[in-house]
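For reference, the structure discussed in these notes is given below.
Derivation of every value follows stated rules applied to the coordinates shown; laboratory data play no part. Please read all numbers here as calculations on a predicted model, not as lab measurements. All Cβ positions, even for glycine, are placed from backbone atoms using ideal geometry, and neighbour counts span all protein chains on display.
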Amino acid sequence: VPIVAMASGTGSLLAALIERAAAPSSSFRVAAVVIDRDCAAREIGEAAGLPVVVCRLGDHPDRDAWDRQLLAEVDRFAPDWVVTAGFMKILGPAFLGRFAGRVVNSHPALLPAFPGAHGVADALAYGVKVTGTTVHLVDGGVDTGPILAQATVPVLPDDTVDTLHERIKISERELLPDVVEAVVTRGVVTDGRKAQIS
Ligand code: GRF
């Protein structure tokens, strides 16, 4: 099953996805990597011999044009699913119209707590003792889509944002590929804001 992976950062989560896809037992393959900026994820995709497409918001007159271009780029690879692995942009109506219910995201907090781009720092600042990671379907909101899976991660007294985020990433690198394998083989049933892997 072809998927397209999208990233914006160091790409460690992308690397875990690519590694799992390459396993003989895997049911999915990464058809392409799409990034919205020059980032380390480019090298990770290229090292894996995958097509890497850069689609920068700044290269377009407005967000709608970028959203349509992003859709066109992803559509070329005809993925059954799209996985955002550290992709730091909100997908627009054109993209979600085409891939409604088929975009899976990993967020480094236990949604609905601490959504947005600073979920790890917000959790640490709040003083929670347990945080974690959430894999969810992407809807038009910020980290608001139906939840598919979660895993808890302890917060340690001397944690910094970096040490906590790295611990969360270890959990994400396990959970996200597991969930992708499950949804590409079994599908997802949603009921309002609830989702269940079939
Ligand atoms: C992950 O924690 C992901 O949940 C968040 O961004 C991080 C990506 O890390 N959205 P990396 O760029 O894959 O190392």
With among the β-branched types (Val, Ile, Thr), buried (at least 19 other Cβ atoms within 10 Å of the Cβ) and more than 30 Å from Pro51 (Cα to Cα) as the only criterion, which of Val135, Val120, Val82 stands out? Val120
Tell me whether the range 67-87 contains one or more residues that are more than 25 Å from Glu174 (Cβ to Cβ) and of a type in the set (Phe, Trp, Tyr). yes
Sort out which residues of the range 83-112 are aliphatic (A, V, I, L, M), part of a loop (DSSP other than H, G, I, E, B) and farther than 18 Å from Asp62 by Cβ, and write them in order of number. Ala85, Met88, Ala100, Ala109, Leu110, Leu111
Mind checking which pairs have a first residue in the range 61-86 that is free of Cβ contacts under 8 Å to residues at least 60 places away in the same chain and of a type in the set (A, V, I, L, M) and a second that is within 16 Å of the ligand (Cβ to nearest atom) and part of a loop (DSSP other than H, G, I, E, B), Cβ under 8 Å, 6 or more apart or different chains? Leu70/Asp36; Leu70/Leu91
Please work out if Phe99 is of a type in the set (Phe, Trp, Tyr) and surrounded by 23 or more Cβ atoms within 10 Å (Cβ to Cβ). no
So which residues in the range 123-142 are charged (D, E, K, R) and more than 19 Å from the chain's Cα centre (by Cα), if there are any at all? Lys129
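Quick grid of which residues meet (1) under 17 Å from Ser12 (Cβ atoms); (2) within 11 Å of the ligand (Cβ to nearest atom); (3) acidic (Asp, Glu); (4) without any contact (Cβ under 8 Å) to a residue 24 or more places away in the chain:
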site	(1), (2), (3), (4)
Arg98	no, no, no, no
Ser106	yes, yes, no, no
Lys129	no, no, no, no
Leu148	no, no, no, no
Pro177	yes, no, no, no
Arg193	no, no, no, no
Can you give me the number of residues within the range 176-198 that are surrounded by 12 or more Cβ atoms within 10 Å (Cβ to Cβ) and among the acidic types (Asp, Glu)? 2
Taking Ile170 as meeting all but one of (1) surrounded by fewer than 16 Cβ atoms within 10 Å (Cβ to Cβ); (2) in a loop (DSSP other than H, G, I, E, B), write down the number of the exception. (2)
Per the filter on the range 1-59, residues outside any loop (DSSP other than H, G, I, E, B), in contact (Cβ under 8 Å) with a residue 12 or more places away in the chain, within 16 Å of the ligand (Cβ to nearest atom) and among the small types (Gly, Ala, Ser) are Ala5, Ala7, Ser12, Ala15, Ala16, Ala21, Ala40, Ala41, Gly45
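Go through the residues of the range 65-82 one by one and say whether even a single one is touching a Phe, Trp or Tyr at 6+ places or on another chain (Cβ under 7 Å), closer than 21 Å to Leu13 by Cα and either among the aromatic types (Phe, Trp, Tyr) or in a helix (DSSP H, G or I) (or both). Give the steps one after another, and end with the answer.
Quick first cut of the range 65-82, residues touching a Phe, Trp or Tyr at 6+ places or on another chain (Cβ under 7 Å) only: 67, 70-71, 82.
Those left that are additionally closer than 21 Å to Leu13 by Cα: 70, 82.
Among the residues that remain, those that are also either among the aromatic types (Phe, Trp, Tyr) or in a helix (DSSP H, G or I) (or both) are: 70.
Within the range 65-82, one or more residues are touching a Phe, Trp or Tyr at 6+ places or on another chain (Cβ under 7 Å), closer than 21 Å to Leu13 by Cα and either among the aromatic types (Phe, Trp, Tyr) or in a helix (DSSP H, G or I) (or both).
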